[in-house]
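One structure below.
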Amino acid sequence: MLVELRPSCRAALLALCLLWSGRPAAAQGAVAAAPALPPAPLRVLINDVAPYTLRGEAQRPGMHIEIMNALAQQAELAVSINSAVYVRLALGLKDGSADLVVGVDGPELDALAQRVVPFHSFKFVVLTRKAAGISQVSQLRGRLLGVARGAFYDESINNDEAIQKFPMADPFQGVRMLALERLDAVISSDYLLSYALRQTGIDRASFAPPFVVNEKNYSLYARRDLPEETLRALRRAMEQLQKSGRLNAILRSYQ
(Lines give C-alpha, C1' and ligand atoms only; values in the text may rest on other atoms or scores of the structure.)
Protein backbone atom coordinates (compact mmCIF):
# COMPACT_ATOMS: atom_id res chain seq x y z
CA MET A 1 0.00 0.00 0.00
CA LEU A 2 1.42 3.37 -0.97
CA VAL A 3 1.41 6.11 1.63
CA GLU A 4 1.09 9.67 0.42
CA LEU A 5 3.41 11.92 2.41
CA ARG A 6 2.31 15.34 3.33
CA PRO A 7 4.24 18.16 1.61
CA SER A 8 5.93 19.19 4.87
CA CYS A 9 7.12 15.60 5.48
CA ARG A 10 8.44 15.27 1.96
CA ALA A 11 10.48 18.45 2.39
CA ALA A 12 11.94 17.27 5.69
CA LEU A 13 12.90 13.88 4.23
CA LEU A 14 14.59 15.54 1.24
CA ALA A 15 16.59 17.85 3.51
CA LEU A 16 17.74 14.86 5.61
CA CYS A 17 18.92 12.99 2.49
CA LEU A 18 20.86 15.99 1.25
CA LEU A 19 22.48 16.45 4.64
CA TRP A 20 23.56 12.76 4.81
CA SER A 21 25.00 12.76 1.30
CA GLY A 22 27.22 15.74 2.14
CA ARG A 23 28.80 14.20 5.24
CA PRO A 24 32.40 12.84 5.08
CA ALA A 25 32.84 9.19 4.10
CA ALA A 26 34.07 8.26 7.58
CA ALA A 27 30.87 9.67 9.08
CA GLN A 28 28.80 7.53 6.69
CA GLY A 29 30.35 4.33 8.02
CA ALA A 30 33.26 4.00 5.57
CA VAL A 31 36.54 2.53 6.88
CA ALA A 32 39.21 5.21 7.48
CA ALA A 33 42.49 4.86 5.56
CA ALA A 34 45.34 3.30 7.51
CA PRO A 35 48.12 5.73 8.55
CA ALA A 36 51.19 5.76 6.30
CA LEU A 37 54.01 3.50 7.48
CA PRO A 38 57.37 5.16 8.29
CA PRO A 39 60.06 4.71 5.61
CA ALA A 40 62.31 1.69 5.98
CA PRO A 41 65.71 2.41 7.59
CA LEU A 42 68.56 3.06 5.21
CA ARG A 43 70.84 0.01 5.08
CA VAL A 44 74.45 1.03 5.75
CA LEU A 45 77.61 -1.07 5.35
CA ILE A 46 80.76 -0.19 7.33
CA ASN A 47 84.27 -1.63 7.06
CA ASP A 48 84.51 -4.42 9.65
CA VAL A 49 87.97 -3.61 10.97
CA ALA A 50 89.15 -1.82 14.11
CA PRO A 51 88.96 1.03 14.91
CA TYR A 52 86.26 1.70 12.28
CA THR A 53 84.18 -1.07 13.84
CA LEU A 54 84.72 -2.28 17.39
CA ARG A 55 83.07 -5.23 19.05
CA GLY A 56 82.40 -5.83 22.72
CA GLU A 57 82.69 -2.16 23.72
CA ALA A 58 79.23 -0.72 24.32
CA GLN A 59 80.53 2.84 24.76
CA ARG A 60 82.85 2.66 21.74
CA PRO A 61 81.13 0.97 18.78
CA GLY A 62 83.78 2.15 16.34
CA MET A 63 84.79 5.37 14.61
CA HIS A 64 82.70 4.98 11.45
CA ILE A 65 79.68 3.67 13.32
CA GLU A 66 79.76 6.68 15.65
CA ILE A 67 80.05 9.09 12.71
CA MET A 68 77.21 7.36 10.85
CA ASN A 69 74.93 7.40 13.90
CA ALA A 70 75.64 11.09 14.50
CA LEU A 71 75.01 11.85 10.82
CA ALA A 72 71.69 9.97 10.79
CA GLN A 73 70.58 11.64 14.00
CA GLN A 74 71.39 15.10 12.65
CA ALA A 75 69.62 14.33 9.34
CA GLU A 76 66.63 12.76 11.17
CA LEU A 77 66.95 9.58 9.12
CA ALA A 78 66.56 6.01 10.34
CA VAL A 79 69.49 3.72 9.57
CA SER A 80 70.38 0.06 10.01
CA ILE A 81 74.17 -0.36 10.26
CA ASN A 82 76.05 -3.58 9.53
CA SER A 83 79.76 -4.30 9.24
CA ALA A 84 81.45 -6.38 6.54
CA VAL A 85 84.96 -7.13 5.32
CA TYR A 86 86.12 -4.41 2.96
CA VAL A 87 85.63 -6.37 -0.26
CA ARG A 88 81.97 -6.90 0.70
CA LEU A 89 81.23 -3.17 0.67
CA ALA A 90 81.23 -2.90 -3.12
CA LEU A 91 79.25 -6.14 -3.39
CA GLY A 92 76.57 -4.62 -1.16
CA LEU A 93 76.04 -1.91 -3.76
CA LYS A 94 76.20 -4.39 -6.66
CA ASP A 95 73.61 -6.81 -5.27
CA GLY A 96 71.33 -4.12 -3.82
CA SER A 97 71.71 -5.22 -0.19
CA ALA A 98 73.05 -1.79 0.88
CA ASP A 99 71.73 1.74 0.38
CA LEU A 100 74.82 3.47 1.77
CA VAL A 101 78.45 2.38 2.08
CA VAL A 102 81.38 4.02 3.86
CA GLY A 103 84.39 3.27 1.68
CA VAL A 104 87.67 4.65 0.37
CA ASP A 105 87.37 7.00 -2.59
CA GLY A 106 88.37 5.02 -5.63
CA PRO A 107 87.43 3.84 -9.12
CA GLU A 108 85.46 0.77 -8.03
CA LEU A 109 83.00 2.58 -5.77
CA ASP A 110 82.86 5.59 -8.12
CA ALA A 111 81.67 3.24 -10.88
CA LEU A 112 78.95 1.72 -8.69
CA ALA A 113 77.54 4.61 -6.70
CA GLN A 114 77.56 8.34 -6.05
CA ARG A 115 79.67 10.05 -3.42
CA VAL A 116 77.54 11.86 -0.86
CA VAL A 117 79.92 13.37 1.71
CA PRO A 118 83.51 12.77 2.89
CA PHE A 119 83.88 11.19 6.34
CA HIS A 120 87.55 11.95 6.99
CA SER A 121 90.94 12.00 5.34
CA PHE A 122 93.70 9.53 6.15
CA LYS A 123 97.09 8.46 4.89
CA PHE A 124 98.01 5.13 3.35
CA VAL A 125 101.28 4.18 5.00
CA VAL A 126 103.68 1.26 4.60
CA LEU A 127 105.16 -0.39 7.68
CA THR A 128 108.36 -2.41 7.25
CA ARG A 129 111.01 -4.09 9.34
CA LYS A 130 114.18 -2.05 9.81
CA ALA A 131 116.27 -4.87 8.39
CA ALA A 132 114.28 -4.87 5.12
CA GLY A 133 115.72 -1.53 4.05
CA ILE A 134 112.47 -0.39 2.41
CA SER A 135 111.72 3.33 2.49
CA GLN A 136 109.82 3.96 -0.77
CA VAL A 137 107.35 2.24 -3.10
CA SER A 138 109.93 1.33 -5.75
CA GLN A 139 111.75 -0.81 -3.18
CA LEU A 140 108.64 -2.98 -2.72
CA ARG A 141 109.23 -4.63 -6.11
CA GLY A 142 110.07 -8.27 -5.62
CA ARG A 143 108.92 -8.08 -1.98
CA LEU A 144 105.84 -9.53 -0.27
CA LEU A 145 103.39 -6.80 0.77
CA GLY A 146 100.39 -7.41 3.03
CA VAL A 147 97.26 -5.80 1.55
CA ALA A 148 93.55 -5.76 2.36
CA ARG A 149 91.32 -7.70 -0.02
CA GLY A 150 89.66 -5.39 -2.56
CA ALA A 151 91.45 -2.22 -1.40
CA PHE A 152 92.80 0.30 -3.91
CA TYR A 153 95.89 2.06 -2.54
CA ASP A 154 97.63 3.72 -5.44
CA GLU A 155 98.32 2.93 -9.08
CA SER A 156 102.02 2.58 -8.27
CA ILE A 157 101.11 -0.35 -5.98
CA ASN A 158 97.90 -1.87 -7.35
CA ASN A 159 99.07 -1.86 -10.96
CA ASP A 160 102.64 -3.04 -10.33
CA GLU A 161 102.71 -6.82 -10.75
CA ALA A 162 106.33 -6.92 -9.57
CA ILE A 163 105.06 -6.16 -6.04
CA GLN A 164 103.93 -9.47 -4.58
CA LYS A 165 100.69 -9.04 -2.65
CA PHE A 166 99.45 -11.13 0.25
CA PRO A 167 95.70 -10.68 1.05
CA MET A 168 95.65 -10.29 4.83
CA ALA A 169 92.48 -10.62 6.90
CA ASP A 170 93.21 -7.36 8.76
CA PRO A 171 96.18 -5.19 9.83
CA PHE A 172 96.44 -7.16 13.09
CA GLN A 173 97.37 -10.27 11.09
CA GLY A 174 99.70 -8.18 8.93
CA VAL A 175 101.59 -6.73 11.89
CA ARG A 176 102.00 -10.17 13.48
CA MET A 177 103.24 -11.68 10.19
CA LEU A 178 105.61 -8.77 9.73
CA ALA A 179 107.05 -9.30 13.22
CA LEU A 180 107.57 -12.99 12.38
CA GLU A 181 109.31 -12.00 9.10
CA ARG A 182 106.64 -13.73 7.01
CA LEU A 183 105.96 -10.43 5.24
CA ASP A 184 108.36 -7.74 4.06
CA ALA A 185 105.88 -4.89 4.51
CA VAL A 186 102.26 -4.07 5.32
CA ILE A 187 100.18 -1.26 3.85
CA SER A 188 97.10 0.18 5.53
CA SER A 189 95.66 3.44 6.78
CA ASP A 190 97.46 5.33 9.52
CA TYR A 191 94.43 4.85 11.79
CA LEU A 192 94.40 1.06 11.35
CA LEU A 193 98.12 0.50 11.70
CA SER A 194 98.40 2.70 14.79
CA TYR A 195 95.51 0.85 16.42
CA ALA A 196 96.90 -2.57 15.44
CA LEU A 197 100.33 -1.77 16.86
CA ARG A 198 98.79 -0.62 20.15
CA GLN A 199 96.51 -3.64 20.50
CA THR A 200 99.00 -6.36 19.53
CA GLY A 201 101.58 -5.10 22.00
CA ILE A 202 104.42 -5.95 19.60
CA ASP A 203 107.66 -4.08 20.26
CA ARG A 204 108.01 -1.35 17.64
CA ALA A 205 111.78 -1.29 17.93
CA SER A 206 112.19 -3.73 15.04
CA PHE A 207 109.99 -1.65 12.70
CA ALA A 208 111.09 1.29 10.60
CA PRO A 209 109.02 4.50 10.74
CA PRO A 210 106.08 4.09 8.31
CA PHE A 211 106.36 5.99 5.03
CA VAL A 212 103.40 7.65 3.34
CA VAL A 213 102.15 6.45 -0.04
CA ASN A 214 99.34 8.96 -0.50
CA GLU A 215 96.41 10.63 1.22
CA LYS A 216 92.84 9.55 0.59
CA ASN A 217 89.32 10.00 1.94
CA TYR A 218 86.76 7.70 3.43
CA SER A 219 83.44 8.84 2.00
CA LEU A 220 79.78 7.96 2.25
CA TYR A 221 78.57 6.42 -1.02
CA ALA A 222 74.90 6.03 -1.97
CA ARG A 223 73.17 3.78 -4.48
CA ARG A 224 72.40 5.79 -7.59
CA ASP A 225 68.61 5.78 -7.22
CA LEU A 226 68.54 7.08 -3.65
CA PRO A 227 66.20 10.11 -3.53
CA GLU A 228 67.89 13.49 -3.92
CA GLU A 229 66.03 14.73 -0.86
CA THR A 230 67.82 12.10 1.26
CA LEU A 231 71.21 13.06 -0.19
CA ARG A 232 70.61 16.74 0.59
CA ALA A 233 69.63 15.89 4.16
CA LEU A 234 72.86 13.90 4.64
CA ARG A 235 74.99 16.69 3.19
CA ARG A 236 73.37 19.32 5.41
CA ALA A 237 73.81 17.05 8.42
CA MET A 238 77.54 16.54 7.75
CA GLU A 239 78.01 20.27 7.39
CA GLN A 240 76.45 20.74 10.84
CA LEU A 241 78.63 18.00 12.38
CA GLN A 242 81.72 19.73 11.02
CA LYS A 243 80.67 23.21 12.17
CA SER A 244 79.76 22.03 15.67
CA GLY A 245 83.07 20.19 16.11
CA ARG A 246 81.31 16.91 16.78
CA LEU A 247 82.98 15.15 13.84
CA ASN A 248 86.48 16.13 14.99
CA ALA A 249 85.67 15.06 18.54
CA ILE A 250 84.78 11.54 17.32
CA LEU A 251 87.93 11.31 15.18
CA ARG A 252 90.19 12.46 18.04
CA SER A 253 88.74 9.87 20.41
CA TYR A 254 90.07 7.06 18.18
CA GLN A 255 93.56 8.44 17.54
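The values are calculated or read from the model by the stated rules, or taken from the named source; none is laboratory data. It should be emphasised that the depicted structure is a prediction, and the values quoted were computed from it without experimental measurement. Note that we place each Cβ from the backbone using ideal geometry, even for glycine, and neighbour counts take in every protein chain shown. Calculation scope for accessible area: heavy atoms of the full protein, side chains included, ligands and nucleic acids excluded. Shrake-Rupley method; radii C 1.70, N 1.55, O 1.52, S 1.80 Å.
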Q: May I ask you to rank Glu229, Glu76 by accessible area, largest first, using a 1.4 Å probe over the protein chains only?
A: Glu76, Glu229
Q: Could you state, as a whole-number percent, how many of the C-alpha pairs of the range 120-255 are farther apart than 18 Å?
A: 60 percent
Q: Send over a whole-number figure in Å² for the accessible area per residue of the range 123-215, probe 1.4 Å.
A: 49 Å²
Q) Between their Cα atoms, which of Lys165/Lys243; Lys123/Lys243; Lys94/Lys243 are more than 30 Å away from each other? A) Lys165/Lys243; Lys94/Lys243
**Q.** Spatially proximal aspartates and glutamates relative to Lys216 (Cα-Cα < 18 Å; intrachain offsets below 8 disregarded)
**A.** Asp105, Glu108, Asp110, Asp154, Glu155, Asp190
Q: Give a quick list of trypsin sites (Lys or Arg not before Pro) in the range 186-255 that DSSP marks as loop, anything other than H, G, I, E or B, with at most 12 other Cβ atoms within 10 Å.
A: Arg224
Q. Which net charge results for the neighbourhood of Leu231, defined as the other residues with beta-carbon distances under 12 angstrom from its beta-carbon, given Lys and Arg at +1 and Asp and Glu at -1?
A. +2
